[in-house]
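**Q** First, the structure itself, so that you have it in front of you.
The values are calculated or read from the model by the stated rules, or taken from the named source; none is laboratory data. Keep in mind that what you see is a predicted model, and the values were worked out from it rather than measured. Heads up, the Cβs are rebuilt from the backbone with ideal geometry, glycines too, and the neighbour counts pull from every protein chain shown.
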């Protein structure tokens, strides 16, 4: 079994790491070099970066209808494409994508947890690793992304940037819950 990766997200704008809610209400989160060094020392497996201007993400087609499915959106969730997110993931794999970074715009920055239903829907139809993104507010959300959502990578920002938890704490809890993670190398 492959180890689940813990991936701090470093969204950079004008030379600074930024964090928002649904890619708006952007606030400064720190220096990218300092944060990258800190996360490297804590055992980050890799770093994520989403260009918040042109990121391709997913959101519910109709926020009031949980059966409505998801659509692909661009430009920080402000431009709908009318593509079904699950179908788009399959199409991307058909074109040669080797991994899917799946961000739920409905969850991004809300600290409400990953969209597990979306993760499952995409994971069920693609044969490449899926990285969960959007909504982490607790370490339990990371665990749910791996165990319930089937994600092979767990991207998070706020819980790491603002000192709520460390990457090492995240890996320790994941391991304690039976999720295979890469060990934290002694720094």
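**Q** What are the residues in segment 109-130 that are touching a strand residue (DSSP E or B) at 6+ places or on another chain (Cβ under 7 Å) and either over 14 Å from residue 146 (Cα atoms) or modelled with pLDDT under 90 (or both), if any?
**A** Answer for segment 109-130, where residues must be touching a strand residue (DSSP E or B) at 6+ places or on another chain (Cβ under 7 Å) and either over 14 Å from residue 146 (Cα atoms) or modelled with pLDDT under 90 (or both): 109, 110, 126, 128.
**Q** Applying the selection to segment 40-68, what residues are at pLDDT below 85, in a loop (DSSP other than H, G, I, E, B), more than 16 Å from residue 17 (Cα to Cα) and in contact with a helix residue (DSSP H, G or I) (Cβ under 7 Å, 6 or more places away or on another chain)?
**A** none
**Q** When segment 123-148 is examined, which residues are found to be over 20 Å from residue 29 (Cβ atoms), without any contact (Cβ under 8 Å) to a residue 40 or more places away in the chain and buried (at least 24 other Cβ atoms within 10 Å of the Cβ)?
**A** 145
**Q** Inspect segment 31-39 for any residue being assigned to a loop (DSSP other than H, G, I, E, B), at pLDDT 65 or above and either closer than 23 Å to residue 104 by Cα or under 19 Å from the mean Cα position of the chain (by Cα) (or both) and give the result as yes or no.
**A** Within segment 31-39, not a single residue is assigned to a loop (DSSP other than H, G, I, E, B), at pLDDT 65 or above and either closer than 23 Å to residue 104 by Cα or under 19 Å from the mean Cα position of the chain (by Cα) (or both).
**Q** Would you please name the residue that is modelled with the highest pLDDT, looking only at residues in segment 83-108 that are surrounded by 21 or more Cβ atoms within 10 Å (Cβ to Cβ) and part of a loop (DSSP other than H, G, I, E, B)?
**A** For segment 83-108, the residue satisfying everything is 107.
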